[in-house]
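A.B. asks: Here it is: the structure, laid out below.
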Amino acid sequence: MPSRQQKELIIKYGELWLKGRNRSKYINLLKASLQERLSVAGSFNLIDYGDRLAVPIRREGDSDVLKDIISKIFGISTYSIANVSEPNLDSISAVSGEISASALKGIRVRVDAHRSFKGYTFDSSDIVRAVAKSVQEAGAIPDPRKYDAVISISVTKEKAFISIENREGLGGLPLGSSGKAVMLLSGGIDSPVSAWYGIKRGLHPIYLHVHAFGTNREAKKSKIMGILGRLSDYSPHYSAYLIPSHEFDLSTMAAGKYKTVLLKSFMMNAAQIIAQKHGAKAIVTGESLGQVASQTSSNIMAEQYGISMPIFRPLIGFDKEEIISKARAIGTFDLSILKYKDVCSINSREVSTSVPLTVFARMLNRMRMEEIAAKAVQKGELIQE
Ligand code: ATP
Ligand code: MG
């Protein structure tokens, strides 16, 4: 029998992806994500009520730990800390009164009620009436129109949940529900944000970073690993390829103003090879249309020449300021702005803004781009976390 003090963290998932036949696949992935992080954080139980998930709160401090975990998991639409009561009017009113006395004195409160199990003798409006009365007796001011707080009652077959805060989760889809993708990661600000958006839509990341160091070992000591660490808050398991650029550099000494776009093409080809190896079905990059000379429609068309899988560019419509504020929120910004030895041709001074496709295709053929990319992948290092 639930005591009046019992609390649970209630997790609601997005409704849209629940409609199809894949419902249980999505919920199981979300549960697996949650379970894994809960087991790292301590001994927590995960309860599946069918229409929501819940974690009982046992001690002081648990709610902060749980809120922190929840704020980094995709596939959650809202969450709240709820007091649990028995599913009858007396218990619900008593617990609502206690909450009001301790947190809502003198405050205008709206009472919302919802039953997911309808087999009771009382309905939602009975709950609202009974709770409004006990809220008032406890010193709060029930008012359905002008209010500063909402007390939400949700009644299921087993229990009633009473909460006064409802927070937004990250949204998105559960990790891995969209399969794998190769995510191109530079040392800059944009690509970690684009990877984050890819992960948000359920893509499991296989990162690819092309580095300008003499050895992979040096690349492994660079800030890239730090950026991977920050992204792993959202996707704890990942693969990452660190591959050297010198194979490419050697074959494009005289490429002039086409070099930047050729480098992109090299990265795309390497990404495709890696994707095929791992059964990934897409590539994710951090381009934003028109942000720099290489990010025009013509150049984007050129860089993806010969690539036969979808290339997702989640930041295509973002302004730089928007990307920066998202990078701050995700936690990658401070690492992204640290000085870094970038692949040299990415900052090439002379960049053509409209590479002619036929000329470009010929160049790729002549220099055997696919072979160069394959060689570079072979010389790279695969990290698996
Ligand atoms: P970022 O801030 O992500 O570096 P950017 O604004 O500097 O992007 P570009 O240099 O044109 O733009 O790079 C566009 C995209 O190409 C990056 O967002 C990333 O996805 C990919 N990319 C760039 N450099 C590298 C690299 N060294 N290794 C892997 N991918 C890269
Ligand atoms: Mg960059």
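The values are calculated or read from the model by the stated rules, or taken from the named source; none is laboratory data. Not measured: the values here are computed from a predicted model. Glycine gets a Cβ as well: all are built from the backbone with ideal geometry, and neighbour counts include every protein chain shown.
A.B. asks: Could you tell me whether region 47-58 includes any residue that is at pLDDT 90 or above, in a loop (DSSP other than H, G, I, E, B) and touching a strand residue (DSSP E or B) at 6+ places or on another chain (Cβ under 7 Å)?
C.D. replies: Looking through region 47-58, at least one residue is at pLDDT 90 or above, in a loop (DSSP other than H, G, I, E, B) and touching a strand residue (DSSP E or B) at 6+ places or on another chain (Cβ under 7 Å).
A.B. asks: How many residues are within 14 Å of the chain's Cα centre (by Cα), surrounded by 14 or more Cβ atoms within 10 Å (Cβ to Cβ) and assigned to a helix (DSSP H, G or I) when one looks only at region 329-343?
C.D. replies: Within region 329-343, the subset within 14 Å of the chain's Cα centre (by Cα) is 329-332.
Those still in the list that are surrounded by 14 or more Cβ atoms within 10 Å (Cβ to Cβ) too: 330-332.
Those still in the list that are assigned to a helix (DSSP H, G or I) too: 330.
Matching residues across region 329-343 total 1.
A.B. asks: Same structure again: What is the residue count in region 156-194 for residues that are out of contact with any helix residue (DSSP H, G or I) (no Cβ under 9 Å at 6 or more places or on another chain) and surrounded by 18 or more Cβ atoms within 10 Å (Cβ to Cβ)?
C.D. replies: Our first condition is that a residue be out of contact with any helix residue (DSSP H, G or I) (no Cβ under 9 Å at 6 or more places or on another chain); within region 156-194, this holds for 156-159, 161, 165-166, 168, 179.
In the following step, the residues that additionally are surrounded by 18 or more Cβ atoms within 10 Å (Cβ to Cβ) were identified as 159, 161.
Looking only at that region, the number is 2.
A.B. asks: If you go through region 107-158, how many residues are out of contact with any strand residue (DSSP E or B) (no Cβ under 9 Å at 6 or more places or on another chain) and either outside the structural domain of Asn83 (by TED's automatic domain parsing) or part of a loop (DSSP other than H, G, I, E, B) (or both)?
C.D. replies: 7
Matching residues to (1) within 21 Å of Arg328 (Cβ to Cβ); (2) more than 16 Å from ligand 2 (Cβ to nearest atom):
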{"site": "Ser163", "(1), (2)": "no, yes"}
{"site": "Glu168", "(1), (2)": "yes, yes"}
{"site": "Ser178", "(1), (2)": "no, yes"}
{"site": "Met183", "(1), (2)": "yes, no"}
{"site": "Ser186", "(1), (2)": "yes, no"}
{"site": "Val193", "(1), (2)": "yes, no"}
{"site": "Ile199", "(1), (2)": "yes, yes"}
{"site": "Leu203", "(1), (2)": "no, yes"}
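A.B. asks: Identify, from the list Lys277, Lys259, Lys264, Lys281, the residue that is in a helix (DSSP H, G or I) and surrounded by fewer than 16 Cβ atoms within 10 Å (Cβ to Cβ).
C.D. replies: None of the others qualify; the one that does is Lys277.
A.B. asks: Follow-up question, since we're still on this one. Which of the residues spanning region 300-322 are more than 22 Å from Tyr207 (Cβ to Cβ), near ligand 1 (Cβ under 9 Å from one of its atoms) and either of a type outside the set (D, E, K, R) or assigned to a loop (DSSP other than H, G, I, E, B) (or both)?
C.D. replies: Residues satisfying the conditions do not exist here.
A.B. asks: Which number in (1) within 18 Å of the chain's Cα centre (by Cα); (2) assigned to a loop (DSSP other than H, G, I, E, B) marks the one condition that Ser325 misses?
C.D. replies: Unmet for Ser325, out of (1) within 18 Å of the chain's Cα centre (by Cα); (2) assigned to a loop (DSSP other than H, G, I, E, B): (2).
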